[in-house]
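Chemist: This is the structure I have questions about; it appears just below.
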Amino acid sequence: MITAYVPASGMLKPAEVQRGETIPEGAVWVDVLSPSDDDLVFLDKALGLDVPTEEDMQEIEMSSRLYHEDDALYMTATMITQADTPNPLSVPVTFVLAGRRLVTLRYAEPMPFRLYASQSQRHVMPCSTGEDVLAGLLDAIVDRVADILERVQNDIDTLSREIFSHEPRAKRDYNAILSRIGRGHALTSQARESLVSFGRLVSFIVRPSDVKMPKSAERGFKTITRDITALSDHASFLANNINFVLDATLGLISNEQNSIIKIFSVAAVVFLPPTLIASIYGMNFDFMPELNWVYGYPMALGLMVLFAVLPYVFFKYRGWL
């Protein structure tokens, strides 16, 4: 689907473009969602650009993601989509800045695109050039990453309180806890990857050049750069916190396993002496004086109880139980 946005009274007016039609002359933003091969051919001719394919967008080399060609800037960055589902994804999105027009190419529907498109149609904002639109989109993207990190932070804080609660008999579902930690770690890693890619993208845009950028867009890019730096630092702190919670959880699991093994070890030590006594007097020899003694059976039982109690008392005295 191809949607062209034309500025009108400080807002953007969308118009869907069918293959073969002319893109509106005043369009400052052309949003391309999941194009077919025929759509890409049409865009190449209509815009005079070499629009990258989906395979091209998957490349991770800097030279393939950020480059200047025929007076146009081609920039590909990684975005998080489906962050509110159990399976968040990292997808590449391409931004092409040609003159005063922005072309976005994507094969997913990240939330920031929907939010910015909706807000730009209802609220007055800087949107007279492609740079303004790009700054607005990047601001929405960074805000979305911040929301994701905030949600992960809240979840990890809740987990920390659950893990370090002082209720000794509290039952914990460690499978669920590890699953939540894993999800938080995955989202944080994806957020860091996205922030790094957009940090490089913004640096590529604001590098010294002969092209004069609108003041509103220039201010927007500076703000975005500061936000990306701050969020990257916070993501690093959050990753360390997640690792600490993971180590603590694994330590608690190990302690519980050790407690279970400890119970079996104590039981084995307590019952070993009585078992030895029972084994001795269970031997079938002809000459065993205690077998014919009237108090032989009570004596054997008494010894078994005594040597069962003594190890237990000794362990309690040493503080091992």
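The values are calculated or read from the model by the stated rules, or taken from the named source; none is laboratory data. Keep in mind the model is a prediction, meaning the values are calculated, not measured. FYI the Cβ positions are ideal-geometry reconstructions off the backbone, even for glycines, and counts take in every protein chain you see.
Chemist: Being under 29 Å from T188 (Cα atoms), outside any strand (DSSP E or B) and touching a residue at least 60 places away in the same chain (Cβ under 8 Å): is that true of P86 here?
Modeler: yes
Chemist: While we're looking at this one, here's another question. Working only within segment 58-98, note down all residues that are of a type in the set (A, V, I, L, M) and within 22 Å of the chain's Cα centre (by Cα).
Modeler: I60, A77, M79, I80, A83, L89, V91, V93
Chemist: Within segment 244-263, is even one residue touching a Phe, Trp or Tyr at 6+ places or on another chain (Cβ under 7 Å) and modelled with pLDDT under 85?
Modeler: Within segment 244-263, none of the residues are touching a Phe, Trp or Tyr at 6+ places or on another chain (Cβ under 7 Å) and modelled with pLDDT under 85.
Chemist: Now a separate question. Scan segment 92-110 residue by residue and report those that are of a type in the set (A, V, I, L, M) and surrounded by fewer than 19 Cβ atoms within 10 Å (Cβ to Cβ).
Modeler: Hits for segment 92-110 are A98, A108.
Chemist: Let me ask you something else. Please specify each residue of segment 24-36 satisfying the condition of being of a type in the set (D, E) and over 22 Å from R65 (Cβ atoms).
Modeler: E25
Chemist: Within segment 67-82, track down each residue that is part of a loop (DSSP other than H, G, I, E, B) and either polar (S, T, N, Q) or farther than 24 Å from W29 by Cβ (or both).
Modeler: Hit for segment 67-82 is Q82, nothing else.
Chemist: Which numbered condition in (1) of a type in the set (G, A, S); (2) in contact (Cβ under 8 Å) with a residue 40 or more places away in the chain; (3) in contact with an Asp or Glu (Cβ under 8 Å, 6 or more places away or on another chain) is the only one that S64 fails?
Modeler: (2)
Chemist: Criterion first (assigned to a helix (DSSP H, G or I) and surrounded by 12 or more Cβ atoms within 10 Å (Cβ to Cβ)) does S160 satisfy it?
Modeler: Here the answer is yes, as S160 does meet what is asked.
Chemist: What are the pairs with Cβ atoms under 7 angstrom where one residue, in segment 285-296, is modelled with pLDDT of 75 or more and the other, located anywhere, is surrounded by 10 or more Cβ atoms within 10 Å (Cβ to Cβ)? Sequence gap at least six, or different chains.
Modeler: Sorted first by the residue in segment 285-296, then by its partner, the pairs are G296/E290.
Chemist: Just the residues that are surrounded by 13 or more Cβ atoms within 10 Å (Cβ to Cβ) and over 24 Å from P311 (Cβ atoms), please, taken from segment 271-290.
Modeler: Matches in segment 271-290: M288 only.
Chemist: Further question: Quickly run through segment 26-45 and pick out the residues that are touching a strand residue (DSSP E or B) at 6+ places or on another chain (Cβ under 9 Å) and either β-branched (V, I, T) or modelled with pLDDT under 85 (or both).
Modeler: Passing the criteria: V28, V30, V32.
Chemist: Also, I was wondering about something else. Could you run through segment 99-143 and say how many residues are in a loop (DSSP other than H, G, I, E, B), more than 21 Å from the chain's Cα centre (by Cα) and not aliphatic (A, V, I, L, M)?
Modeler: 7
Chemist: Separate question: Yes or no: I228 buried (at least 18 other Cβ atoms within 10 Å of the Cβ), assigned by TED's automatic domain parsing to the domain that holds D157 and touching a Gly at 6+ places or on another chain (Cβ under 8 Å)?
Modeler: Yes, satisfied.
The rows are residues; the columns are (1) surrounded by fewer than 17 Cβ atoms within 10 Å (Cβ to Cβ); (2) under 30 Å from P214 (Cβ atoms).
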{"site": "L137", "(1), (2)": "no, yes"}
{"site": "D173", "(1), (2)": "yes, no"}
{"site": "A176", "(1), (2)": "yes, no"}
{"site": "G184", "(1), (2)": "no, no"}
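Chemist: Moving on. What's the total number of residues in segment 171-209 that are of a type in the set (D, E, K, R) and assigned to a helix (DSSP H, G or I)?
Modeler: Adding up the residues that qualify gives 5.
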